[in-house]
Amino acid sequence: MALSSVSEVMREALATKRRPEQSRPTTGKIGIVRRHPSWALATAVLNRVIPGATGFSPDQIPGLSVDRWQSFPIDDRDPDEVTTAFLDYCRPRVTGLLITVTDGSFSTGAGPFFLADGHLDEFAAAYPDMIGEPLVASDTIVVSPVTGRVIVVQHDGWIDMLQGIEQPRVVP
């Protein structure tokens, strides 16, 4: 069966409970998007960018503190407006390969998303159909190894960007 969209690949993988490494990458209107088989790799890259980071929860990323957070309301706000504000915040700050982790990465088993910066807008537009919730519905983290930046949205309505160590090569 030929799958023509990212959504179809993800739905099929989730429905058949195939292991993520068995999920086929797809090329569609948003380019190639892969569901990565290894949280370990994503976490290793995050740890190289922000030494001491142990996972994709704000409390597992050192350097985030109350005095650094900026207001970024999520609740009682139109999801499209939240997504637009998030993309506007991210675009000038991140480039290259991006590792994007959302609440849906955990709740659906999709794992971290690896995508090129040029496909961030298209990914955000397709995400609700793929996962069934807005891109920024809770904690959302974008790692840009090339710039050494990590953008974190915290579920209570806060955003921050950490400047870590640039990683021109992202494979640990």
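Per-structure values
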read-out	value
Scope segment 117-134; condition touching a residue at least 60 places away in the same chain (Cβ under 8 Å) and over 11 Å from the mean Cα position of the chain (by Cα); matching residues	Gly118, His119, Glu122, Ala125, Ala126, Asp129, Met130, Ile131
Failed item, numbered, when Ala124 is tested on (1) open to solvent by less than 10 Å² (accessible area, probe 1.4 Å); (2) touching a Lys or Arg at 6+ places or on another chain (Cβ under 8 Å); (3) part of a helix (DSSP H, G or I)	(2)
Residue, surrounded by the most Cβ atoms within 10 Å (Cβ to Cβ), within segment 141-172, restricted to residues that are β-branched (Val, Ile, Thr) and assigned to a strand (DSSP E or B)	Val143
Evaluation of Glu81 against (1) in contact (Cβ under 8 Å) with a residue 24 or more places away in the chain; (2) part of a helix (DSSP H, G or I) (one fails), failing number	(1)
So Ser65, is it closer than 23 Å to Gly157 by Cα, exposed (fewer than 14 other Cβ atoms within 10 Å of the Cβ) and in contact (Cβ under 8 Å) with a residue 12 or more places away in the chain	no
Condition met for Phe114 (closer than 20 Å to Ser38 by Cα, out of contact with any Pro (no Cβ under 9 Å at 6 or more places or on another chain) and crowded, with 20+ Cβ neighbours inside 10 Å)	yes
Candidates Thr100, Thr95 - the one that is outside any loop (DSSP other than H, G, I, E, B) and touching a strand residue (DSSP E or B) at 6+ places or on another chain (Cβ under 7 Å)	Thr100
Matching entry among Val66, Val33 (being modelled with pLDDT of 60 or more and either over 15 Å from the mean Cα position of the chain (by Cα) or closer than 24 Å to Phe86 by Cα (or both))	Val66
Verdict on Ser71 being within 28 Å of Gln163 (Cβ to Cβ), exposed (fewer than 13 other Cβ atoms within 10 Å of the Cβ) and at pLDDT below 95	no
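Condition check ((1) charged (D, E, K, R); (2) open to solvent by 40 Å² or more (accessible area, probe 1.4 Å); (3) modelled with pLDDT of 95 or more) across all residues:
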| position | (1), (2), (3) |
| --- | --- |
| Thr26 | no, no, no |
| Ser38 | no, no, no |
| Ala44 | no, no, no |
| Gln60 | no, yes, yes |
| Asp75 | yes, yes, no |
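Listed here are the residues, each with its yes/no results for (1) among the charged types (D, E, K, R); (2) farther than 19 Å from Ile74 by Cα.
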position: Ser105; (1), (2): no, no
position: Phe113; (1), (2): no, yes
position: His119; (1), (2): no, yes
position: Glu122; (1), (2): yes, yes
position: Met130; (1), (2): no, yes
position: Ile151; (1), (2): no, no
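The values are calculated or read from the model by the stated rules, or taken from the named source; none is laboratory data. Just so we're clear, the structure is a prediction, and the values are computed from it rather than from any experiment. All Cβ positions, glycine included, derive from the backbone under ideal geometry; neighbour counts span all protein chains shown. Areas reflect the complete protein model, heavy atoms only, side chains present, ligands, DNA and RNA absent. Shrake-Rupley method; radii C 1.70, N 1.55, O 1.52, S 1.80 Å.
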